[in-house]
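Some notes on the structure that comes next.
Taken together, the values in this text are just the output of simple stated rules run on the coordinates, not laboratory data. The structure displayed is predicted, hence computed values, not measured ones. Because the Cβ atoms are built from the backbone with ideal geometry, glycine has one as well, and the counts that use them run over all protein chains shown.
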Protein chains: 2
Amino acid sequence: MFSEQHKLAGVAHPLGFTAAGVRAGIKKSGNLDVAVIYSDRPAAVAGVFTKNQVAAAPIRVSKVIVGTGNARAIVANAGCANACTGEQGLRDAEKMCEIAAHELNCHDNEVIVASTGVIGVHLPMDKMESGIKAAVKELSRDGSVNAGNAIITTDTYSKTCATEVEIGGKEVRFGVIAKGSGMIRPDMATMLCFITTDASIDQKLLQTALSEINEVTFNMISVDGDMSTNDMVVVLANGAADNKKIVDKGEDYQKFYDTLKSVCTELSKRIAADGEGASKFLTVHVHGAESFVDAKRVGMSVANSPLVKTAFFGEDPNWGRVICAVGYSGVKMSPEKTIVKFGDIPVYAHSVGAEYDADALKKVMAAHDIVIDIDLGEGDSEATVWTCDLSYEYVKINGEYHT
Amino acid sequence: MFSEQHKLAGVAHPLGFTAAGVRAGIKKSGNLDVAVIYSDRPAAVAGVFTKNQVAAAPIRVSKVIVGTGNARAIVANAGCANACTGEQGLRDAEKMCEIAAHELNCHDNEVIVASTGVIGVHLPMDKMESGIKAAVKELSRDGSVNAGNAIITTDTYSKTCATEVEIGGKEVRFGVIAKGSGMIRPDMATMLCFITTDASIDQKLLQTALSEINEVTFNMISVDGDMSTNDMVVVLANGAADNKKIVDKGEDYQKFYDTLKSVCTELSKRIAADGEGASKFLTVHVHGAESFVDAKRVGMSVANSPLVKTAFFGEDPNWGRVICAVGYSGVKMSPEKTIVKFGDIPVYAHSVGAEYDADALKKVMAAHDIVIDIDLGEGDSEATVWTCDLSYEYVKINGEYHT
């Protein structure tokens, strides 16, 4: 579904979209740091934003833009989060919109802005201005790779994918770039994720789809339990596919919804797998819960446990730490009813450790992708949380990432 | 207040108490691993226990004993937690009581049991039996140091202290040994802590005092956010000081309360400072909150943030991570009203970074003990949370601590 060719196309895979990423000198490393994504026609826009009360300036500005229901462009930078920057920060974020709008011949309030990087530092607006101007000049159907690289920070690679689906006899395309590696945890996107589609869809339905999908995809990731000040997921839908506009929750909506969900799921997994310092990708699947909320809480309790995460880093099948995290999750559970598996192998069942084939379990623990399966035996609800292990490298990255 | 001499006396400092610690072969290392604390007369007992629903067998057994209001002895082991061990585990914990009661000539239901170590493994009861017998033979006024060392696991040292206070014209003594290094976080004591006193006090008042003090001492520690299956704090008060029995909340009770609180505060700080792999001791003082609960939640959000903890490990004054954790704590806060200080130095005030003397701040960050002071500017309530940094050593300890 997500081919290599599509990966290169990314956010410029849908018709009518172009993208670019340039070096503006905002990152100390000198790497790409300013991205622009542009639609050649007005697009319906939907977004979800961090719930952190210390929301960064671009969050506050972009929420207003998304509130209008329409947008043409996204301007984003890495290297400086423009968070905790007061009134000056707000003016700088608005100025980003103005500069881009001027270059793109659109209105200020059609430009979404996003920033990621160090908190508490003002944007270097001279560099930003020349960066945005250079990026607009470079906008192309081939620009998604550079745009993706311009928004990453401690990520080891840019996350992107693209796909298409037939809706109402027309091919509708989706593209996405995302970043996120530290300060990753539930209760919002906890990263930057920009999705483009050439679908024609009612803006309210677009927001409904994104909000619902966000709850079971991006909000199910946890790297370190920290919710960032700058997270956002934004979808632009420009209608260039020329499908009959989706205006109700019929068959076309369902296809659109399913495809958007598959894109968001794919990106969520990639973000968790590329968590800071990660050497393992862990899927915590909780079922037999009384509700989705219960299942998610148990999953997050396990996924956020430093003891669980370090055990998997050490490839140690320490199920005691897993059941311990289940027990303090705050969700009513019974040790007698609970079963824990690593991969397909039961390690804890009905209040005691299970007998297992040590060699088979060793193979499970040695793999890069590991499923922790928890059956609470209480009900019919389930949830899946994605996370990674906790390694020396995480400490190195975050102990040495100086302000 | 807490002298070196007293440290050696520990739980055998109060009159009528003796202690011992022996090698029973339960720890793989061959170190001391079975402890007995004994009162030569019946003592009022109070306890607080883990809220983890996967409570270990000794927790379940000891809760019943504490429920009777009286006890004579505490038997504890390290090296095996007797958690997730089913019916067999319960029988083993009860057997520990029986063996000790037989040796001590007291009743089975006068013996508190506690275990710490690996989850999911059955106690080696033959070793346990000879260990308890040997420990009882060695009981002495000098035995607290060995008892303290017999209950530690990944702790780098045994935590102990002792003190006295005049109550109603009589000298009343307190002694304590505690362990706790990993699986440490709020919502219960999250460790083993045994407190002895020769005070004469009504059992219900003793429990009231312990429960209240626990909320602002042991429950304010966080090392890694993990709540153990085995935590307990137990106080034995045997009345050997011959003070007029404390039966109401008068002046004597207040003195008793204050002294018990100072002992619990001291131990809480030491446990946090000796968190697994800790190189820094962090005090998060939150004030200006609308309630204690709010203040504690903010403090715990900061104390549990891996990004904050790694920043302090790296001696990086990354206040952005602190204010970020305040913002997602779930407590209503306003960036405009909030002030964050490291030591005495304001680093964030009223929604932006503060100007500071970089050299002075460097000194604060280089110290072993660092205070993170957060003024929410909302009300008059406060809370203090104690934690430590997150180091390579934490990952090493927990990635390599194999089951």
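Key figures for this structure:
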{"quantity": "Highest-MSF residue in chain B out of B:Ser62, B:Ser381, B:Ser200 [GNM, Cα springs under 10 Å]", "calculated": "B:Ser381"}
{"quantity": "Label 7 Å beyond Cα on the Cβ vector: A:Asp126 copy-to-copy distances, nm", "calculated": "8.1"}
{"quantity": "Within-12-Å neighbourhood charge of B:Thr116 [Cβ basis; K, R +1; D, E -1]", "calculated": "-1"}
{"quantity": "Protection proxy ranking, peptides B:331-337, B:88-94, A:236-242, average beta carbon neighbours within 10 Å, highest first", "calculated": "A:236-242, B:88-94, B:331-337"}
{"quantity": "Cβ neighbours within 10 Å from other chains - mean over B:303-313", "calculated": "6"}
{"quantity": "Around A:Gly21: net Lys/Arg minus Asp/Glu count, Cβ-Cβ under 13 Å", "calculated": "+1"}
{"quantity": "Rounded to 5, percent antiparallel among DSSP beta bridges of chain B", "calculated": "70"}
{"quantity": "In nm, spacing of pseudo-spin labels at B:Asp202 and B:Lys28 (7 Å Cα→C-beta vector)", "calculated": "5.1"}
{"quantity": "Amide H contacts under 5 Å for A:Ile112, placed H, 5+ residues apart", "calculated": "A:Arg72, A:Ala73, A:Ile74, A:Val75"}
{"quantity": "Within the protein assembly as shown, percent of DSSP bridges classed antiparallel, to nearest 5", "calculated": "70"}
{"quantity": "B:Lys245/B:Val64 FRET efficiency (R0 35 Å; Cβ-Cβ; nearest 0.05)", "calculated": "0.90"}
{"quantity": "Other-copy label distances relative to A:Glu355, 7 angstrom Cα-Cβ extension, nm", "calculated": "7.4"}
{"quantity": "B:Met125 paired with B:Ala349, simple spin-label distance in nm, labels 7 Å along Cα-to-beta-carbon", "calculated": "6.6"}
{"quantity": "Centroid-to-centroid separation of segment B:272-298 and segment A:193-252 [C-alpha atoms, Å]", "calculated": "38"}
{"quantity": "Mean separation of Cα contacts under 8 Å (6+ apart) over length of chain A, as relative contact order %", "calculated": "17"}
{"quantity": "Average other protein chain Cβ within 10 Å of Cβ, residues A:76-84", "calculated": "2"}
{"quantity": "Model label zone, B:Asp357; criterion: amide N under 19 Å from point 7 Å along Cα-to-beta-carbon; scope segment B:289-319", "calculated": "B:317"}
{"quantity": "Additional length obtainable on full extension of the chain from A:Thr156 to A:Gln254, 0.36 nm per residue less Cα span", "calculated": "31.9 nm"}
{"quantity": "Helix-only CD estimate at 222 nm, as mean residue ellipticity for chain A, using -39500 (n - 2.57) per DSSP H run (n ≥ 4)", "calculated": "-11000 deg cm²/dmol"}
{"quantity": "Distance violations [Cα-Cα > 32 Å] among A:Lys332/B:Lys337; A:Lys245/B:Lys332; A:Lys280/B:Lys27", "calculated": "A:Lys332/B:Lys337; A:Lys245/B:Lys332"}
{"quantity": "Sum of side-chain charges, A:Asp198 neighbourhood, beta-carbon under 11 Å (Lys, Arg +1; Asp, Glu -1)", "calculated": "-1"}
{"quantity": "Average partner coverage of B:54-60, which counts Cβ from other chains inside 10 Å", "calculated": "2"}
{"quantity": "Exposure proxy ranking, count of Cβ atoms within 10 Å, fewest first, for A:Asp202, B:Asp344", "calculated": "B:Asp344, A:Asp202"}
{"quantity": "Cβ crowding within 10 Å averaged over residues, with A:159-168, B:147-156 ranked highest first", "calculated": "B:147-156, A:159-168"}
